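Please treat every number below as a calculation from the coordinates, not as lab data. Computed from a predicted model, the values in this text were never measured in an experiment. Here the Cβ positions follow ideal geometry from the backbone for every residue, glycine too, while neighbour counts run over all protein chains shown.
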Amino acid sequence: MPARFTVTTPIYYVNDVPHIGHAYNEVATDVLARWHRMRGDDTWMLTGTDEHGQKIMRTAVANGTTPQEWTDRLVESAWKPQLELLDIQNDDFIRTTSERHKAGVRIFLERLKETGYIYHGEFEGQYCVGCEEYKTPNDLVPGTGEFEGQQVCAIHSRPTETVREANYFFKLSEFDDRLLALYDERPDYVQPEHVRNEVRQFVKQGLTDLSISRNTFDWGIKVPWDESHVVYVWFEALLNYITAIGYGVDEEQFERRWPATHIVGKDIARFHAVIWPAMQMAAGLPISDHVFGHGWLLVGGEKMSKSKATGIEPRQITDVFGVDAFRYYFMSAIAFGSDGSFSWEDLDARYHSELANGLGNLASRVIAMVHKYFGGTVPEAAPDAEIAELAERAVATAEAAIDRFAIDEAVDAAMGIVERLNGYITEQAPWVLAKDEAQQERLAAVLASNVHGIGTAAILLAPVMPTTAQALWAAVGGEGAVTAQPIHEAHRWQGTRTVTTVPPLFPRIEQAQPAT
Ligand SMILES: [Zn+2]
């Protein structure tokens, strides 16, 4: 039976304007899913949108519409087009306003009520509508400007509202020991290490029960046994990962797909690695495979944000550099798990040195030489041992890197082949060999080595640059879809031995940054 790989993005907050921060998460998750599909794993990629809560209700009203019409519009005009733009191959898209999600949430809540993990209680706290969560005094900072003299939300710079509610609570406080045991027994459950340490530290300080319902507004999923309450958006949103795969409704699909791996920004790792596993424990579910908290994209040293001047839409980049270069840049330039700085200068420099001069130039030179010296037929010669070994090692390195979520290292391994081949051509100087009748066998081996290496690199790069990889693959005589190749055996590929032509993959770009 093939290995299961279910991987999820967070569900994106529907009111946000999609920017390259979301795109980064989407592309990384897509690369992992594509990689596992090429291994032959039973792969499922889930993404979607988070659509309930007070803030969405308020913006819908402010825009003269209903919350449902408002979220429908945003999903269709912003979120789904972004997935398409970025060539994301998600298998499913879940909306928290969908009937299947609501049904699963109700089943889950009933289950938790039966097991005694939900109770009714009184609560007063400082609530930030922007964050949709209660704040502790530690979360607040002194306000400035019109809010001078008041305490404000550190993220939204606005005062919180004092909210007193009689709510339903989840007994989160009962789970700290079991969570700590989980982190100890499964050291790879939360990754990377610094996120795991932070989560562990947070739980060690002790957990308080979580208010999981609201009765001051009604844009949400009603608590099944008390329709005057809606379920707290965060609590409900986390359940998308199971409602999308048939929790409580389609047991066969659920058994097949669960548990999943969650790829999230480090700022929401706590929800995914503390509250979410506690909910799973309370409901008697197997715990998620992994929670990986990646870093932030920084622009000019600041976290990417639509509310600040740093928000960049992916289209601004893809219009100039193309989708594959966009995907390549963010997957290779930033160590996955660390923060990374985006700049137009860095993107432009890497595009030209690594893609145009590195990969594009290599492919066009090699193919031109196979045409010129062998009439377009790849000579029947074994690749040089050095190149054959390099290709095999690159595959093993990339495979191991993907299992550690080190996407950037997997890309590096593939590009290591390209870099070496460019040096190898210079050293071997096939144009010199071609002039010497006695060197024909050597010339054949050099070009066969190059074709072998490019084919291997094309397979390894397919999850990151699907269109480019397919063009490279076809050009070196690969048959069918490059994505049909087993990626863990990329160095064993056999083609038709007929090269075609390679289209210009990475045209030179004169003005990288759009005029503002
Ligand atoms: Zn806030």
>> Within segment 13-20, does at least one residue satisfy the condition of being in contact (Cβ under 8 Å) with a residue 40 or more places away in the chain, crowded, with 17+ Cβ neighbours inside 10 Å, more than 18 Å from the chain's Cα centre (by Cα) and not in a helix (DSSP H, G or I)?
In response: yes
> Pairs, please: C-beta under 9 Å, at least 6 apart or cross-chain, first residue assigned to a loop (DSSP other than H, G, I, E, B) and in segment 141-162, second within 15 Å of the ligand (Cβ to nearest atom) and of a type in the set (D, E, K, R)?
Replying inline: Gly143/Arg158; Ala154/Lys135; Ala154/Asp139; Ile155/Asp139; Thr160/Lys135; Thr160/Asp139
> Can you tell me which residues in segment 134-188 are of a type in the set (Lys, Arg) and more than 22 Å from Gln205 (Cα to Cα)?
Replying inline: Arg158, Arg164
> Is segment 424-433 home to any residue that is of a type in the set (A, V, I, L, M, F, W, C), in contact with a helix residue (DSSP H, G or I) (Cβ under 6 Å, 6 or more places away or on another chain) and closer than 16 Å to Leu359 by Cβ?
Replying inline: no
> Any idea which residue in segment 235-256 is surrounded by the fewest Cβ atoms within 10 Å (Cβ to Cβ), counting only those that are out of contact with any helix residue (DSSP H, G or I) (no Cβ under 7 Å at 6 or more places or on another chain) and not aromatic (Phe, Trp, Tyr)?
Replying inline: Glu252
> With respect to the numbered conditions (1) surrounded by 19 or more Cβ atoms within 10 Å (Cβ to Cβ); (2) within 30 Å of Leu460 (Cα to Cα), which one is the sole condition not fulfilled by Pro259?
Replying inline: (1)
> List, please: which pairs have Cβ atoms under 9 Å, are six or more places apart or on different chains, and start with a residue in segment 122-136 that is without any contact (Cβ under 8 Å) to a residue 24 or more places away in the chain and end with one that is within 12 Å of the ligand (Cβ to nearest atom) and part of a loop (DSSP other than H, G, I, E, B)?
Replying inline: none
> For segment 379-395, does any single residue satisfy the condition of being within 30 Å of Asp289 (Cβ to Cβ), in a helix (DSSP H, G or I) and in contact with a Phe, Trp or Tyr (Cβ under 8 Å, 6 or more places away or on another chain)?
Replying inline: no
>> Please go through (1) over 30 Å from Glu161 (Cα atoms); (2) within 19 Å of the chain's Cα centre (by Cα) for Ile268 and return the number of the only condition it doesn't satisfy.
In response: (1)
> Going by the structure shown, is Tyr127 part of a strand (DSSP E or B), within 30 Å of Glu227 (Cα to Cα), within 16 Å of the ligand (Cβ to nearest atom) and of a type outside the set (Gly, Ala, Ser)?
Replying inline: yes
> In segment 405-417, is there at least one residue being of a type in the set (Asp, Glu) and within 17 Å of the chain's Cα centre (by Cα)?
Replying inline: yes
>> For segment 30-54, give me each residue that is buried (at least 24 other Cβ atoms within 10 Å of the Cβ) and within 14 Å of Ile94 (Cβ to Cβ).
In response: Met45, Thr47, Gly48, Thr49, Asp50, Glu51, His52
> For the subset of segment 136-178 comprising residues that are within 14 Å of the ligand (Cβ to nearest atom) and acidic (Asp, Glu), which member is surrounded by the most Cβ atoms within 10 Å (Cβ to Cβ)?
Replying inline: Asp139
> Taking segment 99-124 as the search range and keeping residues that are within 13 Å of Lys171 (Cα to Cα) and assigned to a strand (DSSP E or B), which one is nearest to the ligand (Cβ to nearest atom)?
Replying inline: Gly121
>> Could you tell me how many of the residues in segment 231-288 are part of a loop (DSSP other than H, G, I, E, B) and either at positive phi or among the aliphatic types (A, V, I, L, M) (or both)?
In response: 11
